[in-house]
Amino acid sequence: MAGQGRQVTLVDLDIVEPCYTLRPIQDELERLGVRVIAWSTRETTGLGETGTPLKPAARWALRRPGDIIFDVGYGVEGSKTLNLVEGVGQESSFRVLAVINASRPMTATVEDIVDHVRAMGRIDGLINNTHLAEETTMEVVQEGARIVSEAARILGIPVVATTAVEPIAKQIGPRDGWEIPVRALRRFMPRSFW
């Protein structure tokens with residue numbers, strides 16, 4: 001989005017898994033034009049064993065111009081952190097998208113995804129992000145697209161996109177096997193474990 005000239009702010013609200021954060025890649029993302037609201041390592045103590053307090057700027061992030069993207073962490077506990085953001089219930093353009101990896105044990109089947117998403121509360125759409133890190137193949141992504149699309153049908157919500165790293169996205173083409181738009185990804189997160 002930033003590469004398309006849009007004003008983008010990425011907010012790290014992941015207080016569930018604070019050891020896997022935007023801290024190590026914050027400067028890199030900002031050089032690419034993405035404003036990041038996240039604690040820097042020098043601003044924190046410990047290794048996250050007691051959780052992470054909310055950075056004050058994150059609470060007011062919806063008052064910033066442009067596109068605001070919140071990383072709330074994985075699962076039901078992560079989705080609860082949205083309640084800490086001022087104005088989240090009043091913002092008409094706000095959408096909650098659940099990113100689903102059908103290769104993870106807790107979201108490996110249609111039934112698992114349906115139960116998982118229902119437990120999260122408000123979800124406006126799904127993103128199929130099925131992968132096996134460096135072992136991902138086109139077949140893995142397409143099987144995830146099938147599973148996530150079926151879960152979305154049961155839930156009555158759309159699948160907004162299927163994501164894949166650039167080489168695999170090129171193999172799949174502009175749409176996956178279920179006519180969902182494919183978005184190519186460049187991976188930053190392998191460098192973000194601190």
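The values are calculated or read from the model by the stated rules, or taken from the named source; none is laboratory data. Just so it is clear, the model here is predicted, and its values are computed rather than measured. Note: accessible area is taken over every heavy atom of the protein model, side chains too, but ligands, DNA and RNA are not part of it. Shrake-Rupley method; radii C 1.70, N 1.55, O 1.52, S 1.80 Å.
The residues listed here are GLU28, GLU91, GLU86; of these, the one that is within 22 Å of THR163 (Cα to Cα) and modelled with pLDDT under 90 is GLU28. Hey, any hits in segment 48-55 for a residue that's open to solvent by 40 Å² or more (accessible area, probe 1.4 Å), modelled with pLDDT under 90, part of a loop (DSSP other than H, G, I, E, B) and acidic (Asp, Glu)? Yes: one or more hits. Within segment 92-143, being open to solvent by 50 Å² or more (accessible area, probe 1.4 Å) and of a type in the set (Gly, Ala, Ser) holds for SER92, SER93, ALA119.
Considering only residues in segment 144-181 that are acidic (Asp, Glu) and open to solvent by 50 Å² or more (accessible area, probe 1.4 Å), the one that is nearest to GLY121 (Cα to Cα) turns out to be GLU150.
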